[in-house]
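Following: one structure in structure tokens, then a few remarks.
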Amino acid sequence: MTPVTVTRGDSPVILGLPHTGTFLPDDIRARLNARGLDLADTDWHIERLYDGLLDGVTTVRAMFHRYVIDANRNPEGESLYPGQNTTGLVPLIDFDGADIWVTPPDAEEVAARTRDWHAPYHAALAAEIERVRAAHGVAILYDCHSIRSHIPFLFEGKLPDFNIGTDNGATCAAEVEAAVAAVCAGAEGYSMVQNGRFRGGWTTRHYGRPEEGVHVIQMELAQSTYLTEEAAPWTYDTEAAERLRVHLAAILRNLADLAPTLRGTQ
């Protein structure tokens with residue numbers, strides 16, 4: 001299994017998909033417990049949700065599951081949210097705080113997984129960012145995520161439908177965040193927040209260099225917006241998804257249209 005799949009396009013927009021993969025190598029699968037094997041923390045169907053929304057978009061998709069290694073975590077292991085409950089580079093627990101391993105990986109294995117899975121994904125992503133920036137003078141990375149709307153271990157109450165993360169505005173030009181927020185705010189029947197519980201993962205914070213023409217924004221969607229139920233078997237709700245896709249398409253069009261205006265802001 002290749003760690004990453006890349007589909008190249010000629011748009012200034014790149015979609016990152018770090019958490020949609022479900023592949024587990026046999027040796028890793030054998031060491032997960034029954035709860036871990038449920039793969040409940042997958043960003044279910046996100047690749048389907050965004051498919052075909054923007055002509056010429058580039059996609060970079062991790063094919064491995066986040067329990068192999070989390071492609072959206074700092075490879076040095078530093079927490080994204082110090083002092084708050086979260087999961088690590090190789091998660092030892094799931095989003096509910098429950099153990100997922102029969103035999104957890106040791107430091108040597110974490111290092112090997114970083115080399116064999118995490119690094120190839122980010123090498124591919126970095127290459128596409130540079131390719132797109134060379135072609136357009138600017139690259140906009142939109143990092144695609146989803147999560148259950150109720151997870152008490154991670155956050156109180158119900159998560160908003162659209163969760164925009166820019167590390168409090170540091171990872172993209174203000175116009176980029178505003179272009180996304182405008183669509184979300186105008187989406188009837190949906191809720192939104194900017195830089196709330198999810199301010200952007202390691203990908204967003206690592207690559208976001210607006211002063212160098214690389215603008216990155218993370219979108220964390222509540223899975224209630226497009227699944228029939230936020231539980232196994234994680235069924236894609238076609239009708240709900242089509243309503244949501246209208247707004248996601250508008251977001252990506254806004255970003256593509258905005259890109260030429262960003263060339264002079266570096």
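Taken together, the values in this text are just the output of simple stated rules run on the coordinates, not laboratory data. Predicted, not measured: the structure shown is a model, and the values here were computed from it. Every residue, glycine among them, receives a Cβ derived from its backbone with ideal geometry; neighbour counts consider all protein chains shown.
Using only Cα atoms, tell me the angle between helix 174-185 and the longest principal axis of the chain; keep it within 0 to 90° and round to the nearest 10.
The two axes meet at around 70 degrees.
What percent does the relative contact order of the chain come to when contacts are Cα pairs within less than 8 Å and at least six residues apart?
22
Among TYR207, TYR81, what is the fewest-to-most ranking by other Cβ atoms within 10 Å?
TYR81, TYR207
Among ASP55, ASP41, which comes first, then next, by fewest other beta-carbon atoms within 10 Å?
Least crowded to most crowded, the residues run ASP55, ASP41.
Given the rule -39500 (n - 2.57) for each run of at least 4 DSSP H residues, summed and divided by the residues of the chain, what is its mean residue ellipticity at 222 nm, to the nearest 500 deg cm²/dmol?
-9000 deg cm²/dmol
Taking Cα atoms, how many degrees apart are the long axis of helix 119-136 and the longest axis of the chain, rounded to 10 and kept between 0 and 90?
Between the helix axis and the principal axis of the chain, the angle is about 0 degrees.
Looking at segment 184-266, which GluC sites (Glu not before Pro) are DSSP coil and have at most 15 other C-beta atoms within 10 Å of their C-beta?
Details: sites: GLU188, GLU211, GLU212, GLU220, GLU229, GLU230, GLU239, GLU242; in loops: GLU188, GLU229, GLU230.
Sites meeting the loop and neighbour criteria: GLU188, GLU229.
For segment 1-143, what does the relative contact order come out to in percent, with C-alpha contacts under 8 Å and a separation of six or more? Walk me through the intermediate numbers first.
On the way: 233 pairs, mean separation 52.3, N = 143.
Relative contact order here is 37 percent.
Could you state the angle between the C-alpha long axis of helix 238-262 and the longest principal axis of the C-alpha atoms of the chain, as a value from 0 to 90 degrees rounded to the nearest 10?
50
Of VAL57, TRP234, ILE46, which is farthest towards the positive pole of the chain's charge dipole, taken about the Cα centre with +1 and -1 on the beta-carbons of Lys, Arg and Asp, Glu respectively?
VAL57
Where in segment 185-199 does the amide nitrogen come within less than 19 Å of the point 7 Å from the Cα of ARG243, taken along Cα to Cβ?
Residues 185-193 fall inside that zone.
Would you be so kind as to identify which of VAL110, GLY9, HIS122 lies farthest towards the positive end of the dipole of the chain, taking Lys and Arg as +1 and Asp and Glu as -1 on Cβ and the Cα centre as origin?
It is GLY9, whose Cα lies furthest towards the positive end.
How much net charge surrounds THR235 when only other residues with a Cβ under 13 Å from its Cβ are counted (Lys, Arg +1; Asp, Glu -1)?
Taking every other residue near THR235 into account, the sum is -3.
Taking every alpha carbon pair in segment 198-242, what does the distance histogram look like in 10 angstrom bins from 0, in percent?
Binned Cα distances yield the sequence 25, 30, 26, 17, 2.
Suppose every Lys and Arg Cβ carries +1 and every Asp and Glu Cβ carries -1, with no other charges. What dipole size does the chain come out with about its Cα centre, to the nearest 20 debye?
Computed about the Cα centre, the dipole is about 400 debye.
When the Debye formula is applied to the Cα atoms of the chain, each taken as the same point scatterer, what base-10 log of I(q)/I(0) results at q = 0.08, 0.10 Å⁻¹?
Values, matching the q order: -0.29, -0.47.
Take ALA34 and ASP106, extend 7 Å from each Cα along the Cα→Cβ direction, and tell me the distance between the two endpoints in nm.
2.9
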